1. Towards the positive end of the charge dipole of the chain, with charges on Cβ (+1 Lys, Arg; -1 Asp, Glu), say which of Ile73, Leu305, Ile211 has the farthest Cα.
2. What size of dipole, in debye to the nearest 20, comes out for the stretch 144-203 about its Cα centre when the only charges are +1 on Lys and Arg C-beta atoms and -1 on Asp and Glu C-beta atoms?
3. List the pairs from Lys108/Lys205; Lys199/Lys316; Lys15/Lys299 whose alpha-carbon separation is above 23 Å, in the order I gave them.
4. Looking at the chain, send over the antiparallel percent of its DSSP beta bridges, to the nearest 5.
5. Can you tell me how much longer the chain between Asn128 and Asp53 gets when fully stretched, taken as 0.36 nm per residue apart minus their C-alpha distance, in nm with one decimal?
6. Search the structure for amide H atoms under 5 Å from the amide H of Leu68, placed 1.01 Å from N in the peptide plane, and list their residues when 5 or more places away or on another chain.
7. Cα atoms only, the stretch 1-76: Rg and Dmax in Å?
8. Multiply the residue gap between Lys316 and Lys159 by 0.36 nm, knock off their C-alpha separation, and tell me the result in nm, one decimal place.
Amino acid sequence: MPIIAVANQKGGCGKTTTAVNLSASLAINKNKVLLVDFDPQAHTTFGLSISTDVSIYNVLSEFAEKRLNLKDIIINIEQNFDIVTSNILLSTLEQELANQISRESRLKEILEPIKNEYDYIIIDCPPNLGILTINAIRSCDMVIIPVEASRFSIEGLDKLIEIINLIQERLNCKINWRILLTIFDSRLKHSFEMWQKIKDKFKDKLFDTVIHINVKLKEAQNEGRHILEYDRYSRGAKDYLSLAREIMMIFGKPLMEKMEKQMQEIIKEKLPQLKEVIFSLDMPQAREVYLVGDFNNWKLEQTSLMESKEGRWTKKLTLAPGSYRYRFVVDGNWIEDPYNLNKVPNPFGQMDSLLEIT
């Protein structure tokens, strides 16, 4: 089954946050997941409140005081979710492997015997392009490259992609890679400008899912828990669940067929309760208008784009009874619905329009 490396030589881009919360999100979708902490800083290990005196170093190093097999160090976190831990000793492995034959394939060799025991294996790489990261890339079927919406992050992408291409060429293997936009601040015009630059340059290599900036993600990390355990209704949790679904679609997991069947049964049961709502906005000068809100996790994507006819923008949705906050995004500017007097304040000091369906 798929092995996915989460890699970026730049720190602070949400690499470990992505590895931990993507693993948890895949696991909650009934996938058996193994998370491999391959970073000597061991942020993934610490971030899940795990304490152990052995790590993947004891499996890979010939100089470890206690030599172990990979299965000996796998720790179960919760149902369907296991981890292989790391510690600072792993940093010495770079020198140990320097003169070994097939040094770039050591991780692949130890993962191969257990690969079929898991639906997904996620590897959290160190924030550099050394031999550990090369081992992780060599082992995987896909590299997820977390990138924040900043100029420096984008400039560092080319070097990592060059390494991936070099590994594919020299080791005769095929590695898919995709860019994940992280720490996205939808309040800033600059964020949308950088997002557009990434889309223009990398086109189909960008995940549809965007990980928005969310304080709950940091709080969960500080508590030593993943976001679904800490606050599964937060925006951070919704974003990573969306990423998990997208990953499952990419790899064509048979479970998706089962989930689709279950969803159809739920829709059939709930359909009589749903109501059709038409949102509209008169804005003749606008080039593009999006409808975002609680009903689509506040995502700016193709499916949230409104249709224009003679200056009137409309969007039809089918919604269940309840209260929904929403806003329009007109050429990058977030505005309230001028026709809806029902409004509530949001955490950013502005007002959201409120739709109540009874």
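1. Leu305
2. Working: 11 positive and 8 negative charges, 35 e Å.
Taking the Cα centre of the stretch 144-203 as origin, the dipole is about 160 debye.
3. Numbers: Lys108/Lys205 25 Å; Lys199/Lys316 27 Å; Lys15/Lys299 21 Å.
Lys108/Lys205; Lys199/Lys316, as the Cα separations exceed 23 Å there.
4. Numbers: 32 of 58 bridges.
Roughly 55 percent of the beta bridges in the chain run antiparallel, per DSSP.
5. Values: separation 75, 0.36 × 75 = 27.00 nm, distance 2.47 nm.
Using 0.36 nm per residue and subtracting the Cα-Cα distance, I get 24.5 nm.
6. Placed amide hydrogens put Val59 under 5 Å from Leu68.
7. 13.4, 39
8. Working: separation 157, 0.36 × 157 = 56.52 nm, distance 4.35 nm.
Taking Lys316 through Lys159 to full extension adds about 52.2 nm, to one decimal.
Only the coordinates and a few stated rules stand behind these numbers; no lab work does. All values reported here derive from a predicted model rather than from experimental measurement. Ideal geometry is used to build each Cβ from the backbone, glycine not excepted, and the neighbour counts take in all protein chains shown.
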